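Quick one: structure below, then a few questions.
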Amino acid sequence: MIKSLPIIAVITRETRLEGLKARWATAQAAAFRLQQAVDHEVELRRRKLRGSAKATLDFMEAAGVAADALAVQDDYQDEDAIYRETVHTLLREIDLGFPIKEVDRTFLPNFDFRRCVLAVVVGPDGLVANAAKYVGDLPIIGINPDPSRIDGVLLPFRVDEARQIVKRTMERRCETSDVTLAEVNTNDGQRMLAFNDFFVGSSSHTSARYTIEFNEQHEAQSSSGLLVSTGAGSTGWLSSVFNMAAGICKFAGGSRPEPVRLDWADRRLVWAVREPFVSRHSSANLVAGFLDHNSELIMGSQMPTSGVIFSDGVESDFLEFNSGNIARFTVSNQVARLVVA
């Protein structure tokens, strides 16, 4: 029997220009729509200025420049060209005699990574987080396609470094860093992982109703949703919860709470309820806590429809969380392996 060669998975995503083309059919149609929006905004601003004390030629021109910046076509085109060129160069650079499979982000949930030996992710950072949920224990190499636009916290390598880092990874000479993942399992067999965080709530952003159980305490709640965050996500969405709490405390004359920050490898999660509402049928005694590797947070949906659980901000990839669904959130045994050197 001929043994199959291992596969190098290259994970990509559509650019903003491709998204516009999917919406408006062609790049020309998309450019026309953007220009229409700019022309309308320029005229609107100039009409408001006519007859006012500010209606100088320079001020009118500045208003037009500011409006034009709202929909800069060149930025979409430059970003698209750089991303395409990066992917093209990358595929050439990592041609080491092994099969290479390019996987678009939309196909991640259905792609079989079992024959792959590593995953090369062509940024942005969020794509690494999204890919980490599906690649299993494969080492992940993050490539920054455009350092002038992308921070690259999860993308430590440039495309001209890809060949050497791929070779070292395949030869097991690379250095990796483990990142703790969160996991949710439901009573109907659904499972999902999160690199940064889970959101539990209503897809329509109306009030979510559910029961919550933690450390032998139990109550019914109504809120705008609940977050379960990993260490990697503790500086993201979770930080906005602490920002809101700090602002309210300042307004009310209280002391500012210190935000929670966890290391990426910390085997704990943080959960927090967003805007809990107290009523005859809902309480707010369980609003935040740490979830260590030996404990679980249990939620039961009380939403007939529109209840969802999604991770890492990808609303299109979700689990249904409607009445009858019970979800258990835990620290996952699976970790993400990021190649760092």
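The values are calculated or read from the model by the stated rules, or taken from the named source; none is laboratory data. None of the values given here were measured: they were computed from a predicted structure. Methodologically, a virtual Cβ is constructed for each residue, glycine included, from the backbone with ideal geometry; neighbour enumeration extends over all protein chains shown. Remember, those area values only see protein heavy atoms, side chains included, never the ligands or the DNA or RNA. Shrake-Rupley method; radii C 1.70, N 1.55, O 1.52, S 1.80 Å.
So what is Rg over Rh here for region 209-341, counting just Cα atoms and using Kirkwood for Rh? Show your work: numbers first, answer last.
Working: Rg = 15.7 Å, Rh = 16.1 Å.
Taking Rg over the Kirkwood Rh, I get 0.98.
While we're looking at this one, here's another question. Once phi is turned into θ = phi - 60°, what whole-Hz ³J(HN,Hα) does the Karplus curve with 6.51, -1.76 and 1.60 give for every residue of region 189-201, x standing for Gly and Pro?
x, 7, 9, 8, 10, 9, 7, 9, 6, 9, 10, 10, x
In square nanometres and to one decimal, what's the mean projected area of the convex hull around the Cα atoms of region 225-290? It would help to have the intermediate numbers written out before the result.
Values: hull surface 19.6 nm².
Average projection, Cα convex hull of region 225-290: 4.9 nm².
What number comes out for accessible area per residue over region 268-332 if the probe is 1.4 Å? Units Å², please.
49
Is region 270-337 best put as rounded, prolate or oblate by its Cα gyration tensor, with a ≥ b ≥ c the root eigenvalues, rounded for a/c under 1.5, and otherwise prolate when a/b is larger than b/c, oblate when not?
oblate
Between Asp104 and Asn294, what is the FRET efficiency for a Förster distance of 30 Å, r being their Cβ-Cβ separation, to the nearest 0.05? Walk me through the numbers before you get to the answer.
Numbers: r = 38 Å, r/R0 = 1.27.
It comes out at approximately 0.20.
What net charge do the residues around Asp197 carry, taking every other residue with its C-beta under 15 Å from that of Asp197, with Lys and Arg at +1 and Asp and Glu at -1?
Surrounding charge for Asp197 is -2.
Provide the gained length on full extension for the span Arg16 to Ile326, in nm with one decimal, where the gain is 0.36 nm per separating residue minus the Cα-Cα distance. Let's see the in-between values first.
Working: separation 310, 0.36 × 310 = 111.60 nm, distance 3.69 nm.
Extending this stretch completely gives an extra 107.9 nm.
Would you mind getting the Kirkwood hydrodynamic radius of region 132-218 from its Cα pairs, rounded to one decimal in Å?
16.8
Sticking with this one: Could you give the nm distance between label points at Ser224 and Ser239, where each point is 7 Å from its Cα heading toward the beta carbon?
My value for the distance between the label points is 1.9 nm.
Given 0.36 nm per residue, what is the gain on full extension from Arg158 to Gln334 after removing their alpha carbon distance, in nm? Working shown, then result.
Details: separation 176, 0.36 × 176 = 63.36 nm, distance 2.73 nm.
Residue separation times 0.36 nm, minus the Cα-Cα distance, leaves 60.6 nm.
Also, I was wondering about something else. So, by mean Cβ neighbours within 10 angstrom, what's the order for 193-201, 318-326 with the highest one leading?
193-201, 318-326
Now for a separate question. Leaving ligands, DNA and RNA out of it, report the carbon-plus-sulfur percent of the accessible area of region 94-206 at a 1.4 Å probe.
Carbon-and-sulfur percentage of accessible area, whole number: 44.
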